[in-house]
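The values are calculated or read from the model by the stated rules, or taken from the named source; none is laboratory data. Since the model is a prediction, treat every value here as computed from it, not as a measurement. Every residue, glycine as well, gets a Cβ built from its backbone with ideal geometry; the counts of neighbours run over all protein chains shown. Please note that ligands, DNA and RNA were not included when accessible areas were found on the heavy atoms of the full protein model with its side chains. Shrake-Rupley method; radii C 1.70, N 1.55, O 1.52, S 1.80 Å.
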Amino acid sequence: MFSRLRVARFSTVIFCAFMGLSSLGWASEPRIAVSKSPLSLPFFVAKDKNLFAKHKVEPVLIECLGGNRCVKELTDGRVDMATSSELPFMFAVFQGKPIGLVTTFNTNKDDMKFVVRKAAVKGGTKGLTGKRIGYVEKASSHYYMDLFLLYNGIDPKTTVPVPMGAEALAAALAKGEVDAISVWEPWGQIALNLGGDEVAVVDAPKLYSQTFNLLASNEYRLAQTRKLIAVLSALDEAIQFIKKNPDEAKRILARDVGVDLDTVKAAWPTYQFELTLQQSLLSTVQGQARWARREGHVAPTLAEPEFLNFIDASLLRKIKPNAVDFVYP
């Protein structure tokens with residue numbers, strides 16, 4: 001009896017040790033939630049051209065529809081890193097989530113589109129008052145919707161906001177379930193394709209410069225510095241490939257995002273791929289924080305965070321020191 005018990009305990013110890021080692025080994029390779037968006041192109045190129053492996057890192061790329069969903073994967077602990085515009089990052093910081101922004105890899109002033117049913121704006125954009133507007137809550141779509149309405153002299157509170165997933169917006173507009181949508185690409189072009197002659201993009205000035213960024217959990221960022229630097233190095237090399245081989249990069253983008261090549265070519269001039277951390281990022285996030293508080297999207301009792309404490313430039317400085325504005329720690 002004693003012998004069998006001792007064997008059973010020994011087997012349990014070996015099993016637990018094996019599982020522990022396996023878990024640590026698996027966790028050391030980053031799980032990255034990557035938005036299925038043209039803005040994520042450096043990740044698609046790095047994977048296609050084996051650039052991650054070249055830098056001795058083998059990330060698991062997990063597709064999600066929209067940076068807001070990617071950030072939820074991160075804050076819920078299912079991934080180690082996530083791609084996102086700055087807005088979901090701002091909301092996560094307000095909620096006290098243990099994350100850090102380590103680089104911007106795309107800056108874009110024309111990714112967001114406000115697409116309307118023509119019948120809703122026959123008399124001009126003021127006709128949007130009282131209309132149903134589809135948007136993605138607490139994502140760049142949300143912020144752009146309010147900016148667009150205010151620019152056109154419309155109080156957002158006089159419209160009927162209809163929150164939904166990014167992938168549902170184009171069909172909702174085509175079916176007449178909403179009168180307008182605030183959306184990023186490729187869904188803007190998809191909305192135009194589905195809606196045909198009944199829908200159109202409303203022209204607007206470049207209301208804000210959107211960034212697309214890489215975020216990491218504090219736990220992974222502090223424990224796996226080498227892996228994170230390897231990811232950044234692979235992305236930087238992917239960006240150089242994009243610049244030198246734009247036609248091939250467009251084909252990779254069309255394939256991985258699932259859009260036609262003509263759509264990619266039409267939007268291509270708006271994309272600015274580069275690893276950076278610029279002062280303008282901080283200014284944008286601070287402005288969005290004021291908007292979130294003013295419009296009641298965060299609890300009024302929450303103090304505005306010091307966003308600078310959630311931006312870690314130390315890793316980017318190791319591979320591209322000139323890409324970082326001096327204000328970042």
**Message:** When you check G153 against the structure, is it at pLDDT below 95 and assigned to a helix (DSSP H, G or I), yes or no?
**Reply:** no
**Request:** Answer yes if at least one residue in region 181-194 is open to solvent by 70 Å² or more (accessible area, probe 1.4 Å), assigned to a helix (DSSP H, G or I) and farther than 20 Å from N68 by Cα, and no otherwise.
**Result:** yes
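Take L281 and tell me if it is surrounded by 20 or more Cβ atoms within 10 Å (Cβ to Cβ), in contact with a Ser or Thr (Cβ under 7 Å, 6 or more places away or on another chain) and not in a loop (DSSP other than H, G, I, E, B). Let's see the steps before the verdict.
Values: surrounded by 20 or more Cβ atoms within 10 Å (Cβ to Cβ): yes; in contact with a Ser or Thr (Cβ under 7 Å, 6 or more places away or on another chain): yes; not in a loop (DSSP other than H, G, I, E, B): yes.
Criteria met by L281.
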**Complete:** P300: passes all of (1) in contact with a helix residue (DSSP H, G or I) (Cβ under 9 Å, 6 or more places away or on another chain); (2) part of a helix (DSSP H, G or I); (3) open to solvent by 60 Å² or more (accessible area, probe 1.4 Å) but (2)
**Complete:** Filter region 283-298 for residues that are closer than 20 Å to I99 by Cα and of a type in the set (A, V, I, L, M, F, W, C); the one that is farthest from the chain's Cα centre (by Cα) is V298
**Complete:** With the first residue restricted to region 146-160 and required to be within 15 Å of V115 (Cα to Cα) and of a type in the set (D, E, K, R), and the second required to be open to solvent by less than 30 Å² (accessible area, probe 1.4 Å) and assigned to a helix (DSSP H, G or I), Cβ contacts under 8 Å at 6 or more apart or on different chains are D146/P156; D146/W291
**Asked** Among (1) within 18 Å of the chain's Cα centre (by Cα); (2) within 16 Å of K47 (Cα to Cα), where does S217 come up short?
**Response** (2)
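Would you tally the residues in region 306-321 being in contact (Cβ under 8 Å) with a residue 24 or more places away in the chain, closer than 13 Å to T225 by Cα and either touching a Leu at 6+ places or on another chain (Cβ under 6 Å) or not in a loop (DSSP other than H, G, I, E, B) (or both)? Spell out the reasoning first.
Residues of region 306-321 that are in contact (Cβ under 8 Å) with a residue 24 or more places away in the chain, as a first pass: 307-308, 310-313, 315-316, 318-320.
Applying the additional criterion that residues be closer than 13 Å to T225 by Cα yields 312-313, 315-316, 318-319.
With the extra rule that they be either touching a Leu at 6+ places or on another chain (Cβ under 6 Å) or not in a loop (DSSP other than H, G, I, E, B) (or both), the set shrinks to 313, 315-316, 318-319.
Of the residues in region 306-321, 5 are in contact (Cβ under 8 Å) with a residue 24 or more places away in the chain, closer than 13 Å to T225 by Cα and either touching a Leu at 6+ places or on another chain (Cβ under 6 Å) or not in a loop (DSSP other than H, G, I, E, B) (or both).
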**Prompt:** Are any residues in region 54-68 touching a residue at least 40 places away in the same chain (Cβ under 8 Å) and either more than 21 Å from E137 (Cβ to Cβ) or crowded, with 20+ Cβ neighbours inside 10 Å (or both), and if so, which ones?
**Reply:** K54, H55, K56, V57, P59, G66, G67, N68
**Prompt:** Which pairs do you get when a residue that is under 15 Å from A313 (Cα atoms), found in region 81-103, comes within reach of a residue that is of a type in the set (K, R) and open to solvent by 10 Å² or more (accessible area, probe 1.4 Å), reach meaning Cβ atoms under 6 angstrom, with the pair 6+ apart or on two chains?
**Reply:** G100/R221
